[in-house]
Amino acid sequence: MPNQPNEDIPVYLFVGFLESGKTKFIQETLEDKRFNNGERTLLLICEEGEEEFEPSRWASKNVVQQVLTEQADFTPEKLEALRKEARATRVVLEYNGMWTINDLFEQLPLDWAVYQAMCFVDSNTFLQYNANMRSLVVDKINVSELVVFNRFDLNAMDQNEFHKIVRAVSRRTQIAYETTDGQVAYDDIQDPLPFDMQADEIEIKDEDFALFYRDIMEEPGKWDGKVITFRGAAAQNAKFPANVFAAGRHVMTCCVEDIQYCWLVAEWDNAKKLENSQWVRVTGTVHVKRHKLYKNKGPVLEVSAVILTGPPEQEVATFY
């Protein structure tokens, strides 16, 4: 069906480093009539490896390949010109593993929208990439709905090691392992939270703050009504209401460059007595409600006790 005015151009995004299996998967996808059913498609290739596409095997011939390996050419104007030239109503994008997702989103034409994102990984090189270029690894996993570990050797590799790296970035991303014998297995490792959700008062240990913060922001509903205690650095802002302060900590996801202050709205009658960066142990009840500082609903802490304290041994919280 032709794309109607004001409709988004769907982009199917495939990310990962060179020789990670992106081309093979895209080839198989375009051979599948359920996906490639005749809709005009622009296949945009941003890096070229040893594997090559075989158009003769595709289910439909309405696919136009374009190679765009220079990042300077990756602009909204160029991308839209290529799409119009192909008369495409959707885009399959094999993205360069050394380019960031932020670069992608900044350069996509306004009416292009990522409908699905998948990350492909060569299991043999993943741990090395994670050790030496973790920011790029996190960048790719964070946007992906599914991470596929190709060439996974069940006898020599530990699923838990790969699982923990992905889960440190995202809990929503699904994980699959394509083993060396050609089988595919989905990750079913459970990730119990490191705190007792059934306790009358949930104590958040210093080393678990990053996990806690991600969980309460992703699934605030399950924290509604819970009494919690954690150590954090208070913050004030002239725009805050008189009874509000920020209670949180700086969190690092992958590297120094991405450290940011992650905080909850805390309501307390003596809020204005606290100073910026003052370390406190806060106890309160979580209420999920609309608040102007969230610009929507979010977890608001109704504070019952504040105790001045010193900083934790590791001031910046991490997921490790």
Notebook entry, point to check: From the set of residues in region 295-320 that are small (G, A, S) and over 18 Å from W279 (Cβ atoms), which is surrounded by the most Cβ atoms within 10 Å (Cβ to Cβ)?
Noted result: G298
Next item on the list: Of the conditions (1) more than 16 Å from A210 (Cβ to Cβ); (2) in a strand (DSSP E or B), S277 clears all except one; give me its number.
Entry: (2)
Check: Hey, any hits in region 206-219 for a residue that's surrounded by 18 or more Cβ atoms within 10 Å (Cβ to Cβ), without any contact (Cβ under 8 Å) to a residue 40 or more places away in the chain and outside any helix (DSSP H, G or I)?
Finding: no
Checklist line | A234 being in a strand (DSSP E or B) and modelled with pLDDT under 95 | finding: no
Notebook entry, point to check: Taking Q198 and the conditions (1) of a type in the set (S, T, N, Q); (2) in contact (Cβ under 8 Å) with a residue 12 or more places away in the chain; (3) within 30 Å of R231 (Cβ to Cβ); (4) surrounded by fewer than 19 Cβ atoms within 10 Å (Cβ to Cβ), which numbered condition does it fall short on, given that it satisfies the others?
Noted result: (2)
Check: Any idea which of F17, F35 is in contact (Cβ under 8 Å) with a residue 60 or more places away in the chain and among the aromatic types (F, W, Y)?
Finding: F17
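Quick grid of which residues meet (1) assigned by TED's automatic domain parsing to the domain that holds F120; (2) modelled with pLDDT under 95; (3) more than 21 Å from L146 (Cα to Cα):
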{"position": "N3", "(1), (2), (3)": "no, yes, yes"}
{"position": "F35", "(1), (2), (3)": "yes, no, no"}
{"position": "E51", "(1), (2), (3)": "yes, yes, yes"}
{"position": "R57", "(1), (2), (3)": "yes, no, yes"}
{"position": "N62", "(1), (2), (3)": "yes, no, yes"}
{"position": "L79", "(1), (2), (3)": "yes, no, yes"}
{"position": "V92", "(1), (2), (3)": "yes, no, no"}
{"position": "Y95", "(1), (2), (3)": "yes, no, no"}
Notebook entry, point to check: Within region 81-91, can you find the residues that are surrounded by 13 or more Cβ atoms within 10 Å (Cβ to Cβ) and outside any helix (DSSP H, G or I)?
Noted result: A88, T89, R90, V91
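Kindly establish whether E302 is outside the structural domain of Q236 (by TED's automatic domain parsing), under 18 Å from F212 (Cα atoms) and charged (D, E, K, R). Walk me through how you get there before you give the answer.
On the way: outside the structural domain of Q236 (by TED's automatic domain parsing): no; under 18 Å from F212 (Cα atoms): yes; charged (D, E, K, R): yes.
So E302 fails the test.
Given K33, K78, which one is among the basic types (K, R) and not in a loop (DSSP other than H, G, I, E, B)?
On the way: K33 fails: not in a loop (DSSP other than H, G, I, E, B).
One residue alone meets the criteria, K78.
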Notebook entry, point to check: Restricting the first residue to region 262-289 and requiring it to be under 16 Å from K239 (Cα atoms), which pairs with a second residue that is among the acidic types (D, E) and assigned to a strand (DSSP E or B) meet a Cβ separation below 8 Å and a spacing of at least six or different chains?
Noted result: E267/E302
Next item on the list: Examine region 10-26 for a residue that is buried (at least 19 other Cβ atoms within 10 Å of the Cβ), of a type in the set (D, E, K, R), out of contact with any Cys (no Cβ under 6 Å at 6 or more places or on another chain) and farther than 29 Å from V166 by Cα, and state whether such a residue exists.
Entry: no
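The values are calculated or read from the model by the stated rules, or taken from the named source; none is laboratory data. All values reported here derive from a predicted model rather than from experimental measurement. Don't worry about glycine lacking a Cβ; one is built from the backbone with ideal geometry, like all the others, and counts go over all protein chains shown.
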